[in-house]
Amino acid sequence: MFTYMRNVVDSLRTTVKGMQVTWKNLRRPETTVEYPEQLVPLPEGYRGIHTLDTDICIYCFQCAKICPVDCIEMRAERVEKKFLSWEVFNIDYNKCLFCDLCIEVCPKDCIHMDKRDGSAKFALITDDRSTLNLDILEYKGLSEADKVAVVKVREENAKKAAEKAKAAAEKKAAADKDESEDKKDKADDSGK
Amino acid sequence: MAATVEARPPDKYVDVRTQELQINMGPQHPATHGVLRVAIWADGEIVTRAEPDIGYLHRCAEKIGESVTHIQYVPYTDRYDYLAAMNNNLGYCLAVEKLAELEIPERAEYVRVIVSELNRIASHLMAIGTYGLDLGAFTPFFYAFREREEILRILEWICGARLTYNFIRIGGVMRDCPEGWLEDITRFLDYFEPRLEEMNELLTHNHIFVNRTANIGVVSLEQAVKYGLTGPNLRGSGMRWDLRRDDPYSIYDRFEFDIPIGTGIKGTVGDCWDRYWVRILEMGESVRIIRQALDQIPDGEIMAKGVRHLAFKCKAGESYQAVENPRGELGYYLISEGGQISYRSRIRAPSFCHLSILEEILPGSMFGDAVAIIGSIDIVLGEVDR
Amino acid sequence: MGLYERNHPDVMMFKLERNLPDMGLLRVADTVINWGRSSSLWPMTFGIACCAIEMMAVGASKFDMDRFGAGAFRATPRQADLMIVAGTVNAKMAEVVKRLYDQMPEPKYVMAMGACTVGGGPYWKHGYNVVKGIDKFVPVDVHVPGCPPRPEAILEGIRFLQRKIMARRVLTRGEHHTPDFTGVSVSPGTTGIQDPQLNTAPAVPTEATS
Amino acid sequence: MERLVGALEGLGESAFALSLLMCAGVVLGFVGIWPLFAVWLERKASADFQSRLGPMYVGGFHGWLQTLADGIKLAFKEDLIPAQANRVLFWIAPAVAFCGAFATMVVIPIAQGVEIVNLDIGIFFILAISSVGTIGVVMAGWASNNKWSLYGAVREAAQLVSYEIPIALSLMIPIIAVGNLRLGHIVGFQCAGPEDAGFVYLSHHGWLLFYSPWTLAAGLIYFVASLAECKRAPFDLPEAESELVSGFHTEYSGLRFSFFFLEEYVFMFVVSIVGALVFLGGWQPLPFVSFQFDNPLMKLIGAGILLGKAVFLVWVQIWLRWTLPRLRVDQVMTMGYKYLTPLAMLTLMGMALYQYWGCRYIPGIL
Amino acid sequence: MNTQEILETLNKDGVGQGITLFEGPKDPALVIPADRLVGVCEHLKSAPSLQFDQCILVTGTHMTEIRDKKTKEVTRAEGIEVIYHVRSLRHRALVALKVHLSLEDPRVSSVASIWPAADWHERETYDMVGVVFEGHPNLKRILLPQDWEGFPLRKDYEFPKEYRGISLEVDPPWPQQ
């Protein structure tokens, strides 16, 4: 009988308690990020679609070698011994597992993962699978507005790079002083 | 405080024999946590026999382990126990480091502990959230996910990915803590602890929940040891066994923490409620560990000297390295013949062992209990099938 | 008859074979039906692997798929419109995925979520057991790459699908493509449990009526 | 409405039939519109409890057209009948289930004197007809040729039959006080006042919920049992998603599934409005203070108040659903037979004695 | 308690015949003759000084032949090695037991009756490497479908092209709509 009454009381008590908790949460503000209108801020080093700074790249093939899934297809032609010209740099997003290894091995820090907000981030959504083998040199996934932005960013990058080259010429010794800092900077301004 | 539930002898309900009903639970079933298939022979609502069938997510883990280099295999380990990817990374990296005899910098060790424990909290949150879902309580799932999103935000901040981190690398960690990251963890922990209390009020001590889980799926200590249960499931049965304390790896011997065990507060030792309660308590212990680690973390390097991604080689040898995954003992057994690629890489997945006990504990329970039991042993199919 | 035949949803609904003239009112009806379909994409509770966790995250508080009307997860394929294949599909699972797809009523949509379902993903090379892309046996309406994709990407995928549905014709004549998926068959595999009652279910246990 | 029926009655049989058709149309219209609102309410309320937003985009403002879109989609969805199913039963089951909920609307007075049929066995009629829905569910479960459906159907049958008893007993308790089964009379009892009462007056009895401790208990029992009656959590075993996939409607798709959906929400409304009428004073806004609801304007206001109470009760059901875990099937039975039924009987006895000893004007003695 | 001490205890208890200590570069192990495995395991579990009550892992490895580069002598014969990791919760010890089997007929008696946890591990080993565990209650494939051909973790395994009508090859994407 005691258990019986306690069960009745307990079930009522804990139900009311639970309802209090849900009531409390009803009054809290929602945590939802309304995606198309609001964006979740992406952190530094967010792993999105790759971008390549073709000007710096030295064709060392390290990113293709380290890739666990062999999704990077790279071909470059050697013109006049030192000068190389690009033929193919494709990343197959059918396979890519976004592990960040290719970015890490890059000795020149020229391959990055896209962290821009906006549509370009998820531009690869498609009903045609073959477009997922993305030509990183061209970056076909961009919308028109983004292409304009990319051009802009590239121009800025070129400007910055010129300035940097100047600065680097001034003090060569401090070139790779702080690797992580440097990487962060690069990730910032080569946002394409 | 709350009522204890009377023990229910299973035989009481199987007096009237009727025709057995074979029923196929899964692979697509909301309560099987993925693609587990359990064939159930039921007598009305009573399960008389159960046979788990796995392999619907077999992803050739061990074949890949002997096909790609050690460095390249780390991102794959994320995908086996995808709820606790950091712990998986840690286990594999420790195993390789044991073979390669690497010295890990202090700071890296601390960062490893912090991210692993954060991931343990995330994993347990997921476990209790989906457990609520199994028992028909939808809202705790959303609250658990809300808290989990905060952890994911913290982890994404440091490594750029939400679920498959590939953060703990052989020789250290991938990246140093960003500015403000450590302070943010403290902020999160302060926010998290009252929320955990709320979860207890909403779900843990709810009379219906207690009735659904107490005295259900009792795993005696003897059975637990026999079937190779580890982690919260073993502790839920009353064994104070935690690899972080009993076979310390990394720097866990520097922290002070308790090992919660099931004591049968609401029913019998080793029932579903105990296993669930151990997970809740473990989150508190993880918070303690993280706080200590945050206090002690030194400055310094985050990567061991001489680990070059493309040319990393192990020495020949065999090593078995076990870590305490949120689900139990996660072991990597590596055979290396020297060189970049393991000769054999075997994964000891805790969920795999836990599943085998279903055949023993499901019979005699009711259909709703079967769901509760499967939920309470907290399996991840990616790890079961590998 | 192909082993695998895709009946177009609208053909099955009205037996009109989309040959009504392209008239104003009928176009409006098209739009209304498409609006209903695109704003109420009920996904199936069907998670396979890692991506399933992100799929749950999309349904949970922070990203809340319900805002698009796509949050009512149905456990049974009969009531679902959208199958989010979230995770690696291997040889043993393929038959199940195919059967679930067949069990869904038309119109039905498939989202291949994550690299594994899109094209084998990380397992394309050494995965002796993994099907490299589910579009080998079910038609895919939207591919969402990523490993796993961020929740926003799934939301974006749903928006993509909504746009795609809105562009469809239901009743009226118009340019229209029927995907060619003939010649793919999947027979039920044997599993570890030797019980004839559990293993002999036909692969396509439904028949359509209108 | 009654007056309308009366006026048309003079015009002969065909007009009477026409008036009935019109009433059916009104009910059907309500039954069509109410779930649109209720489902939206449920989705928004659940979203609020779970700190998210719920439908936002469909129809612009807070997804108010969400349910309409769902309805259109379901209507234009392929209608599957499993090859092994029993076609006839499969076909009529949703209709039977739906009729059960639908028919109960006939006797519900929406305002003073506004009802389609003023049956003298009002409550009894509701209790009797609402059980018809069970037959539909069992038919659906059996006809589907699916083990999950069968489980769901058997659970539903067991559960509903068990909970008929406490629900009937708990409704008997106010009836003891009132002495009439007409719903209109029950509300009339709650707002009965002195003969020469003005627009606002103190009622003799007040709401039945606060009439005596026994009716208060009866109100609680009724609410809990009504949750089980309309398969709401924590008693949603027939369609327990995590156990039985989707329970009895596992094999149903498209429009037929939507009938089960409608049935659930209409039935939620029915039990809520019956609760509001019997225990919460119907259209009377305050427990012990009554108003005269005799002119059309006041009747409209009264109908609004009654609907508001019903919606509030539905909202509490939703609140409970998103708070509690689900009971196990034997616990549902235990709850019905070992807790609610004995408690309801005890309350009934108490109420009978209470009435017998004439303590009705001194609440709280017994 | 390390592996050396365990071997000493076994010798002392009189079950140590034929057991050798494998001392690799890292983890040591006890190499047990295949026909004596069950007896040793029973002793490991039941002896109060040992109490290895938890079977952690059963691993099968296909060992390919290794010849010395210079002398062309076989330093490791081709075969299958089954490794059992067992743990004593009481004594906090972990020991690895090794059994060498031939590749042609890899048979060893099952230890599932001693440690039920080994049941599924042995099934998996059978599934992946093809070791037949004699006396196992339910020895069939566990991860792969029952009619799968070959043992994937053998080094000479060839990937199947298709399974029951589903192509397992990497194809170009499906012809687009």
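Each value in this text was obtained by applying a stated rule to the coordinates, not by laboratory testing. Worth saying up front: this structure is predicted, and the values here are computed from it rather than measured. Please note: Cβ atoms are built from the backbone with ideal geometry, for glycine as well, and neighbour counts cover all protein chains shown.
So the values come out like this:
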item	result
Cα-based equivalent ellipsoid, segment D:1-150: semi-axes from gyration tensor eigenvalues, Å	32, 25, 16
Percent of beta bridges antiparallel (DSSP, the protein assembly as shown, rounded to nearest 5)	85 percent
Order of B:ARG162, B:ARG148 under a 10 Å beta carbon neighbour criterion, fewest first	B:ARG162, B:ARG148
Residue order, fewest to most beta carbons within 10 Å, for E:HIS100, C:HIS143, D:HIS205	E:HIS100, D:HIS205, C:HIS143
Nitroxide proxy distance, nm - points 7 Å out along Cα→Cβ at D:LEU21 and E:GLU23	10.2 nm
Cα-centred dipole magnitude for chain D, charges only on beta-carbon of K, R (+1) and D, E (-1), debye, nearest 20	660 debye
Debye log10 I(q)/I(0) for segment A:3-50, one point scatterer per Cα, at q = 0.22 Å⁻¹	-0.87
Out-of-range pairs (alpha-carbon distance over 19 Å; input A:LYS65/A:LYS164; E:LYS98/E:LYS140; C:LYS108/C:LYS136; A:LYS95/C:LYS132; C:LYS136/E:LYS155; B:LYS63/C:LYS132)	A:LYS65/A:LYS164; E:LYS98/E:LYS140; C:LYS136/E:LYS155
Taking chain D and dividing mean pair separation by its residue count, relative contact order in percent (alpha carbons under 8 Å, at least six apart)	21 percent
FRET efficiency for B:GLU193 and D:THR334, using Cβ-Cβ distance with R0 set to 45 Å, rounded to 0.05	0.80
Tilt relative to chain E, helix E:3-13 - C-alpha long axis, 0 to 90 degrees, to 10	60 degrees
Projected-area mean, chain B, by convex hull of Cα positions, square nanometres	18.2 nm²
Volume per residue of the C-alpha convex hull in segment A:10-108, rounded to whole Å³	191 Å³
q = 0.11, 0.12, 0.17, 0.19 Å⁻¹: log10 I(q)/I(0) that the Debye formula gives for segment E:3-158, counting C-alpha atoms only	-0.45, -0.53, -1.01, -1.20
Options B:TRP41, A:ILE136, B:GLY339, ranked by Cα towards positive dipole end of the protein assembly as shown, top entry (Cβ charges)	A:ILE136
Mean-position separation - Cα centroids, segment C:19-88 and segment A:1-67, in angstrom	21 Å
Neighbourhood charge, 9 Å Cβ-Cβ cut-off, centred on C:SER40 and excluding it, Lys, Arg +1 and Asp, Glu -1	0
Ellipticity estimate at 222 nm from DSSP helix runs (n ≥ 4, -39,500 (n - 2.57)) divided over the protein assembly as shown, nearest 500	-13500 deg cm²/dmol
Residues B:HIS207, A:HIS50, sorted so that the one with the fewest Cβ neighbours within 10 Å comes first	A:HIS50, B:HIS207
Distance between segment C:115-155 and segment D:136-177 - C-alpha centres, whole angstrom	45 Å
Crossing angle, helix D:254-278 versus chain D [Cα axis fit, 0-90 degrees, rounded to tens]	10 degrees
Dipole in debye (nearest 20) - the protein assembly as shown, about Cα centre, beta carbon charges: Lys, Arg +1; Asp, Glu -1	740 debye
Positive dipole terminus of segment B:57-343, leading residue within B:THR69, B:ASN200, B:ALA214 (C-beta point charges)	B:THR69
Residues of segment A:33-56 with amide N under 14 Å of a point placed 7 Å along Cα→Cβ from C:ARG163	A:36
Packing rank of D:218-224, E:53-59, where each peptide gets the mean count of other beta carbons within 10 Å, highest leading	E:53-59, D:218-224
Share of Cα-Cα pairs in segment E:18-77 lying beyond 18 Å, as whole percent	56 percent
Principal-axis tilt of helix B:85-100 within chain B, Cα atoms, nearest 10 degrees	50 degrees
Three-way shape call for segment B:138-192 based on the alpha-carbon gyration tensor, with the a/c threshold at 1.5	oblate
Unsatisfied cross-links (Cα-Cα over 31 Å) in the set A:LYS24/B:LYS266; A:LYS159/B:LYS313; E:LYS26/E:LYS69	A:LYS159/B:LYS313
For the protein assembly as shown, projected area of the alpha-carbon convex hull averaged over all directions, nm²	57.7 nm²
Solution diffusion estimate, µm²/s, Stokes-Einstein, chain D, Kirkwood Rh from C-alpha pairs, 4 °C, viscosity 1.567 mPa s	60 µm²/s
Segment B:160-188 versus segment B:102-121: alpha-carbon centroid distance in Å	9 Å
Three-way shape call for segment E:104-143 based on the alpha-carbon gyration tensor, with the a/c threshold at 1.5	oblate
